[in-house]
Each structure stands twice: as C-alpha cells, then as structure tokens.
1. Where the second residue is exposed (fewer than 13 other Cβ atoms within 10 Å of the Cβ) and the first is outside the structural domain of residue 354 (by TED's automatic domain parsing) and lies in segment 274-303, which pairs have Cβ atoms under 8 Å and are six or more apart or on separate chains?
2. Name the pairs whose Cβ atoms lie under 9 Å apart, with the first residue in segment 549-563 and assigned by TED's automatic domain parsing to the domain that holds residue 536 and over 12 Å from residue 522 (Cβ atoms), the second outside any helix (DSSP H, G or I) and of a type in the set (D, E, K, R), and 6 or more positions between them or separate chains?
3. Looking at residue 458, is it touching a helix residue (DSSP H, G or I) at 6+ places or on another chain (Cβ under 9 Å), assigned by TED's automatic domain parsing to the domain that holds residue 599 and crowded, with 21+ Cβ neighbours inside 10 Å?
4. Of the residues that sit in segment 352-367 and are crowded, with 23+ Cβ neighbours inside 10 Å and of a type in the set (Ser, Thr, Tyr), which one is modelled with the lowest pLDDT?
5. Please go through segment 359-382 and give me each residue that is among the hydrophobic types (A, V, I, L, M, F, W, C) and more than 24 Å from residue 193 (Cα to Cα), ordered by number.
6. How many of the residues in segment 183-199 are buried (at least 24 other Cβ atoms within 10 Å of the Cβ) and at pLDDT 90 or above?
7. Basic (Lys, Arg) and buried (at least 17 other Cβ atoms within 10 Å of the Cβ) - does that describe any residue in segment 128-145?
8. Can you tell which of 100, 69 is crowded, with 19+ Cβ neighbours inside 10 Å and in contact with a Leu (Cβ under 6 Å, 6 or more places away or on another chain)?
Amino acid sequence: MCGIVGKVSTKPCVEFLINGLKRLEYRGYDSAGIAVIQNNEITRIRSLGKVANLEAEVAAFDLEKASVGIAHTRWATHGEPSVENAHPHKSGNIAIVHNGIIENYLELRKELEKEGYNFESTTDTEVAVHFIHHALKTSKSPVEALLKASRTFHGAYAIAMIDSQIADKMYVIRSGSPLVIGVGENENYISSDSLSLGHLTEEFIYLEEGDVAEITLNTITVYNNEGDLVKREIQHENLQVDHADKGDFDHYMLKEIYEQPHVVQTTIERLMPQGSTLAQAVSRQHAAIFSKTKRVQIVACGSSYHVGLVAAEWFEQIAGIATKVDIASEYRYRRQMVDNDTLFLTISQSGETADTLAALRKAQTLGYVATMAVCNVAHSSLVRESDVSFLTAAGAEVSVASTKAFTTQMVTLLQLVLALAMHRGAPELKGVDTELLFADLSEHIELALKTAEQIKNIAGDFKDKNHALFLGRGELFPIAMEGALKLKEISYIHAEAYPAGELKHGPLALVDENMPVITMINHDELLMEKLISNLNEVITRGGKLYAIIDEALAPKFNLPAKKIIVPAIKHEHLAPLTYNIPLQLLSYYVALEKGENIDQPRNLAKSVTVE
C-alpha cells in the first residue's frame, strides 16, 4: 500500500516527483524518498514521515540536471518506519521503488548474503533490489533481469527501476499491484494511480499481470511474462481532477462528505442519463446475465463489505434473490460450493484491492454465471478482469476514511438491484416508481448534511470516551457497522456494531453511563416497536442513548435520548443512504474534538493492495 511515481524526460524531474508523491500520499505516509540520475550517478534522498519532510531535505540539493527519477511514499509492511527502511533502495548502479510484498524475501535474503550482499534495512524491497542487481550480472538486458525476478518473486508487487549506466531509461514490472504508464510529449511517466497523472496527460497504458516495460522519452516497450514483445493499447481518459485541493474545507474527509450530493447525482446519471429509464440502462449483456441469475455471491473488503451487506438486503427484499456476502480475505481461502445459477459480484473503490482481486480470480474457475464488478475506477484491474461492471462516479477520494465512495456504491447497487428485479418481474416492485425513487435523492442527501449542526452539539460527549456501541436492524445494521468503523478509524475510539436484538446476548454487559449507544430507527413499524423495546434495556442500565431518526418518525419516539433528526425518508430502501450521512459527520467531528489526524489516521492507508 505504497505510492510510486517516476518520470523519463529531458526536463528537470524533481518537482514532478515531489508533487506526484503529494498526490499519492493517501497511499502511505510513513516515509518518502526519491532517486534521480544526474551526471551518470544516482542521488538518493529519503526522510521519515510525510512528503513535506522530504521536500525540505531535497531543497538542499542541486538536482536541476536530473531528468530521470523515481519516488516513493511508504506504508510500512516489512520493517518499521525509518530512513533505513524507506524507499528507494539501492544496489550498485541501480535503485528501485516497490509497492507490494515479496513473500519469499527471507529465503532470497539468505541466498544473497551468501553471494556477498550486505543489508542495511529489514525490508523485502532491499532483497528485491539486490536480487535484480545480481541477475543483471548474467542477463543480456535489464528486461531479462526483471523477468528473472518476476519468475522468482512470490507475492504481489509493482517495481520501478533506474540504472545510472542507462541514464535515459526507466524499467517497470507489474505483478498483482497497480502500475500505470502515462504517455506524454517527449517524456513519459509512471504512477500507482492514473489520477495522479491526470493533470499531465490523457493517455495511459495499463500493464497486465507479469508485464515488464522499458520506458524512454518517446518509446514504451512492453514484454509479457514469457519475454515476448506485446502491444498494450493506449487508453484515453480525461482525468483532470484537482483532488489535491481541499478548497475551503479543513480536511479532505469533510470536503468529500459535502461532495456527496453532486457525486450521487453524477452516479445516478451514469446509468440513467436525463430522460432515460432504468429499464433502458440494461444492456443486452446485462439482460443475458440477469436471465440466468437466481442467486448472488457478493465479495468485498472494509467499507465495501458493508455496502455488500446492504445490497444483500435489497437483493432479497426487492428482487427476491438469495444473496450471500463474504469478506474477500475469507472467501479466497475457503472451499466454495457454487450453484451454476449464481452471479459473482465484487465491490471495490479502487479496483486494486488485493484480496478482492484474488477472490475474483478464484471465482473465475468455479462456474459462476458471470463476474460483475461495482467500482469507481474504469480501467482498474477489477473492472478489466470482470465480465461486466457498473461504475460509480465518486471521483478521487483522498481521505483514508471512505465517505463518498461508500455512498455512491450504495446508489449503484440499488440501481443494479432494481434493474435485476424489473428484468425478473419481481412482485416486490409493484407500486414502486423506480425513476421517482432517484429523482431527488441528491437533494435529500443535501438536506441530510444539515444535521452537521446537531452533530457538532453532541461530538464533545464522545471526546473522553473509550468505547461506543452502534445498533441497527435490517438494512440499517450494516450502516451501524460502517458508523462504528468510521469512528474507530479516525478517532481511535473502540466501537462495535450489533443488531439491536442481540443486546441481551452479550453486549448489554458493557452498557453503563460511560458507553454511548448510537442507534438508527427503522421505518418498518414492527421493527421500530422491537427496537424501542431493545433500547429500553439501554436506558434502564444508565446508557447514554443517541438516536438517528427521520422527522416523520421523531414524534413517535419518546425514549430519553439525544435525537439527530434527518429529513423524512420517502422510501424505506433509501434509509441506509440517509442515515449514513450523520454517522460520517459524527466520526469527523468527534475526531476533530480529539485533535486527531483525520485524513491520514495512524497505521492505515487508502488502497490495500497487499494481502
């Protein structure tokens, strides 16, 4: 989960490298470094902490003649955050940066030590650079050496290399970790994320598994893992998004929360352009898949897993289709019993999540009807390797805690469920105007954002708390899970979520005056009655209750609780989208009260591209 950027040019490259790292800092911020070629020598500069620290150190060097270089911002996996463990790593005349994990690095390290290599770090990356350096001694070219590395390394990785003896070239290898080449004019670039290059080019080459590429000013030569020369098509994308600008907001997270009305509308219109219906959005390929689908298997990680749990409720309640949801890291290591009428559905913001990709590749061998992805990145590995995809339109999300990506995934999944239900003629859809359902959703979320003042008034209650309990029933239980995740991610308060009916089965033992309990009130009348009964247990044990409830239901809720009132929900299936908003705001304002690093919480990074 690191960020890689590089450039081959005739112009100075240091400013590009530093700015590139700033755009990729969401991928890791334990340490950072650059390596550039100047006067046929490699100059390497590394620093602990954020890119700003590296920028200050680089300013002391005269690197105006350096036009070829690589850079890296790190999220530590092997070895603690330190200057010695920071990338780039060097061996002789070469330097590399690396994203991913070399799983057999300890075995390789022992072999390299026997060959006389000395190690200064505890990283798998230093093993990789020494291995490549050793391979170069018996290889005809750097490409051949990288292919030897590819056949030897176990794990998922992306590596970029420069060689001071070949001062006008850069070499890359991709296996399981994201890496994209940006095509420029008299210069070319590499990055872990095409969005970081969107201000420079609209032309990108997405490498496939095992590809090795040689990059010069004007040429990009790609070889597959067999060493054969191959052609990878140039993809044209307009990605000119200045996601590095927080605007008038203090944090990216708050900016991204407030972008949700816009990105929700854009996501709706991606599948349903103005004037079109949901039925018209279903392609022949989708219809053919829908006709065969009687079950759904959803696989995802983190916040996307919570979206999957909401979607499972929708698939079963709206479309009448049995649905199972698995965490990707569990699915991939468990024996699967697959019925041949099952659709395999993955959900991911980046489309590069290692466990989700591995689960997809396993699923492709198991006889599913088709593989389908819901994703925010059009040319991601997940989208390219799935049979079909539904794309969200969240845009760049910089804050580690997902907000707008989570919400747009729910919007897209609701569209998908409704489209499938319509195709099947599901009786549950009778009387539901699917177009009207989405007509003013973005305005409704805009109104939900007005709960911010209510949230600010209660955020101080949580400042000195160590634990919190989130409750929900039905399709609101996954939203409770997401609320708990958000609070623990950025405020470091231990939080758990439970179905409210489970209180008596253990969690009630924890409830006292020091345990805030946050609940969401269902529209379902029977569930609401049951929930109020459950919540009485909290009150009688001295628990502090916070209830998120829509304005139409609020008069019916008479328990002693602090209420967060959201606008009236016109359809019960929109409740997850509405109640999610104040929970995002709660986590933000509690973390703000505590003075935490909201956008870059400790021990976490944005894209989990390693297992």
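1. Pairs that qualify, where the first residue is outside the structural domain of residue 354 (by TED's automatic domain parsing) and the partner is exposed (fewer than 13 other Cβ atoms within 10 Å of the Cβ): there are none.
2. Qualifying pairs under 9 Å: 554/563; 561/544; 562/544.
3. Values: touching a helix residue (DSSP H, G or I) at 6+ places or on another chain (Cβ under 9 Å): yes; assigned by TED's automatic domain parsing to the domain that holds residue 599: yes; crowded, with 21+ Cβ neighbours inside 10 Å: no.
Criteria not met by residue 458.
4. Checked segment 352-367; the qualifying residue modelled with the lowest pLDDT is 353.
5. Taking segment 359-382 as the starting set, the residues that turn out to be among the hydrophobic types (A, V, I, L, M, F, W, C) are 359-360, 363, 366, 369-370, 372-375, 377-378, 382.
Selection gives 363, 366, 369, 370.
6. Selection size over segment 183-199: 4.
7. No; the residues of segment 128-145 include none that is basic (Lys, Arg) and buried (at least 17 other Cβ atoms within 10 Å of the Cβ).
8. On the way: 100 fails: in contact with a Leu (Cβ under 6 Å, 6 or more places away or on another chain).
Within the list 100, 69, the selection yields 69.
The values are calculated or read from the model by the stated rules, or taken from the named source; none is laboratory data. This structure is a prediction, so every number in the text was calculated from the model and none was measured. Neighbour counts are summed over all protein chains in view; Cβ atoms, including those assigned to glycine, are modelled from backbone coordinates with ideal geometry.
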